[in-house]
Amino acid sequence: MSHLILAINPGSTSTKIGLFKDEVPVFTKTIEHDHAEIQKFPTISSQKDFRLGFVLEILEAEGINVQDLAGIVGIGGLLPPIETGGYRVTAKMVDILTNEVGIAAHASNLGAILAYLLVQRAGCQAFIYDAVSAGILPDVARMTGFPEIKRRSLSHTLNSRAQSIQYAKSINKGFDELNLIIAHIGGGVSLSVYEKGRLVDSVGDDLGPFSSERSGTAPLMEFVDFIFDNNMTKKDAQRRIRGGGGLKAHLGTASMKDAQDMIDAGNNHARLVVEAMCYGISKAVATMAVAIKGRCDAIILTGGITRSALVTGLITERVEFIAPVVIMPGEYELEALAAGCLRIITGQEKAKVLVGVDEEGIGVTE
């Protein structure tokens, strides 16, 4: 018996949906939203009915009866830190996301909310899978030099963990048998390390190397001076960190293809910038090896920019002394959502339930 699964992945100005029969795609669609229209909404969660209307229109146009769905799965947003894997979407989770309890506002928060609204019509269950915030770090990894600030795991968990599971299958191993370091290289760069299937540390896009449009980490004293010397507001600084840094700041473009064209045309500065980005990613990979005491079975490079042979080559030559490097290009978020949902509804995996947030701001699961 096959299972019809709807996967939902909201972005800042788009909503991606995919219908799957088990893990086989029936169709995928990207709904582009007018930026000016999105800006009219006071909060992320207030966009829910606006976006839901587009999803329902596509399902109707494709002749899909929502009551035929076996499961609906949305991308997990910026929830409080929770464990990896699948969670059932409940009224409590929707309340946390709607009221942004200890979390950041992000379009991915709508994944669970839209799934919850749809199951009211469909009658099946709604889930999220491998939220961006998934992974509860050990206390030793959470601590910083500021008692008021704790590190938390924020990474491309969905694609990184899915690629890790796929890699384990390809070598006839269980994911829980391997120690893996994964670098997701796209508009943002994040790294994560799994010890026998458990995420034990990560580097988010504001904590490590710069990427195509994000600044990555920088010397703190100089950054403080930079903010005050330029009379920057909090939003100004945030936009510079995410969206105005990296290749975009250095080269005027966030496109790796454009950067490659510059290099091919003899632009030595462009070559240096790309090499510096890869150097930073390589150093971050090496720091992840510390979390597993150097016992690494493979390093996986994934994400859209790993289609660049220049990028993967520059990184591989610096990190292959740690472990074999495996290139798994691209981002398969809808596919990963559907696969996770399928494992839950077929009983291969049990969905957890988020019941609250503790005094440390960590999600309480049952």
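The values are calculated or read from the model by the stated rules, or taken from the named source; none is laboratory data. All values derive from a computational prediction rather than experimental measurement. Here Cβ is always computed from backbone atoms with ideal geometry, including for glycine, and neighbour counts include all displayed protein chains. Heavy atoms of the whole protein, side chains included, go into the accessibility calculation; ligands, DNA and RNA do not. Shrake-Rupley method; radii C 1.70, N 1.55, O 1.52, S 1.80 Å.
Observations, loosely collected:
- Placing a pseudo-label 7 Å from each Cα along the Cα-to-Cβ vector at Glu359 and Glu320 gives an inter-label distance of 5.2 nm.
- In plain terms, the chain from Asp139 to Arg88 could stretch by 15.7 nm, reckoned as 0.36 nm per residue minus the Cα-Cα distance.
- Share of carbon and sulfur in the accessible area of segment 1-111 stands at 49%, probe radius 1.4 Å.
- Global form of segment 16-96, assessed from the alpha-carbon gyration tensor, a/c cut-off 1.5: oblate
- Extension gain, Ala265 back to His35 (0.36 nm per residue minus Cα-Cα distance, nm): 79.3 nm
- Estimated FRET transfer efficiency when R0 is 30 angstrom, pair Ala309-Ile171 (beta carbons, to 0.05): 0.80
- Label of the coordinate-derived value, mean projected area of the Cα convex hull in nm², listed as [x] 16.2; [y] 27.1; [z] 19.3: [z]
- The phi torsions of segment 231-243, fed into the Karplus equation with coefficients 6.51, -1.76 and 1.60 and a -60° offset, translate into couplings of 6, 7, 7, 4, 5, 4, 5, 5, 5, 5, 5, 10, x Hz, rounded to whole numbers, with Gly and Pro shown as x.
- If R0 is taken as 22 Å, the Cβ-Cβ distance between Asn99 and Arg239 corresponds to a FRET efficiency of 0.35.
- The apolar share of the surface of segment 144-239, taken as the fraction of accessible area on carbon and sulfur atoms (1.4 Å probe, ligands and nucleic acids excluded), comes to 54 percent.
- Taking every DSSP beta bridge that has both ends in segment 38-194, the antiparallel portion is near 60%.
- Accessible area expressed per residue, segment 108-212, with surrounding protein chains retained (probe 1.4 Å, Å²): 37 Å²
- Options Leu180, Asn159, Ile64, ranked by Cα towards positive dipole end of the chain, top entry (Cβ charges): Leu180
- Compactness of segment 152-227 as Cα Rg over 2.2 N^0.38 Å, two decimals: 1.31
- Candidates per GluC sites (Glu not before Pro) in segment 314-359, loop by DSSP, up to 14 other Cβ within 10 Å: Glu320, Glu359
- Using only side-chain charges placed at the Cβ, +1 for Lys and Arg and -1 for Asp and Glu, the dipole size of the chain relative to its Cα centre rounds to 300 debye.
- Counted charge near Leu114, where neighbours are those whose Cβ lies closer than 11 Å (Asp, Glu -1; Lys, Arg +1): +1
- Set of lysines near Lys29 by C-alpha distance (under 26 Å), chain-local residues within fewer than 8 positions excluded: Lys16, Lys21, Lys40, Lys48, Lys257
- Derived value for segment 95-251: Kirkwood hydrodynamic radius 17.9 Å. Basis is the mean of 1/r over every pair of different alpha-carbon atoms.
- Antiparallel content of DSSP bridges confined to the chain, in %, to 5: 65 percent
- Computed over segment 3-154, Kirkwood Rh from alpha-carbon pairs, angstrom: 16.2 Å
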